[in-house]
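Some notes on the structure that comes next.
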Amino acid sequence: MKKAMSIWCSGTIVVLLMLALVTGCSSKRSAGVAKAISDIESMEEIADKYNLYNLSDYEGVALISLGKYPLGYFVVTAMGWSASVYVKDPVKKEFGPPSFVSAGGLSAGLAAFQVNAFDCLILFKNRDDAIKFAKRSVNLNVSSEGVWLAWGYKVMMIPGSDSFSDGIGVGIALVELELLFGGSRDTLHENMYGKGVTVDKIFLNDVTIPDDLKAGLERLNLLMQR
């Protein structure tokens, strides 16, 4: 919730920085580690909010941070979006290091004025669905969403996943069609894991995990084993 609040407070900046999100700004290794740890903390908060248990059945998990700001007549909304994606190693049965995704785009639909932000916990039953999500450069989402004053919720309809959200904002939206363009943050991946790293290498755990990320991964694995 605290991370969603910080995104909402900078709603206007989301629009200005959308292109920077797509190209992967703040690509230092420390920035990647900090984002991963912050996302894991948000995952824990959302799981606690919804009393989510039996998470060991899931093979992939992601945290999406999404901010929206109205354009024109408040029917079209600009979006900034980032995500960290983790998959379970099929042999070790543990979640490995994250792959990062960023995107910017537009949403349109049955919506009134809205300035809002959400953190969405995305749970994948199938490992391959999580990997496809991390690699996809274009995401089309039909979402039902409600926001009123300082509280809100969002449903992300990503193939093969369950969605749980925590968010704040002003306005109300019923159904929206969202189109996001982006992809993996390759520069950030190289800064974190080394030159030439790919999303496939990350998900095969064929990278060196930064020491300051290991404690965060232990927290994630405890969460996903409960």
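For the range 90-109, enumerate the residues that are under 15 Å from K68 (Cβ atoms) and among the hydrophobic types (A, V, I, L, M, F, W, C). Give the steps one after another, and end with the answer.
Here is the first cut: in the range 90-109, the residues under 15 Å from K68 (Cβ atoms) are 103-109.
A103, L106, A108 - these are the residues of the range 90-109 that are under 15 Å from K68 (Cβ atoms) and among the hydrophobic types (A, V, I, L, M, F, W, C).
I'd like to check which strands (runs of 3 or more DSSP E) are fully inside the range 131-197 and have at least 3 residues that are at pLDDT 80 or above. Once the strands (runs of 3 or more DSSP E) in the range 131-197 are filtered for at least 3 residues that are at pLDDT 80 or above, what remains is 138-148, 161-184. Among the residues of the range 200-222, the ones that are of a type in the set (V, I, T), surrounded by fewer than 19 Cβ atoms within 10 Å (Cβ to Cβ) and either free of Cβ contacts under 8 Å to residues at least 60 places away in the same chain or not in a loop (DSSP other than H, G, I, E, B) (or both) come to 1 in all.
The values are calculated or read from the model by the stated rules, or taken from the named source; none is laboratory data. For clarity, every value in this text was computed on a predicted model and none was experimentally measured. Every residue, glycine among them, receives a Cβ derived from its backbone with ideal geometry; neighbour counts consider all protein chains shown.
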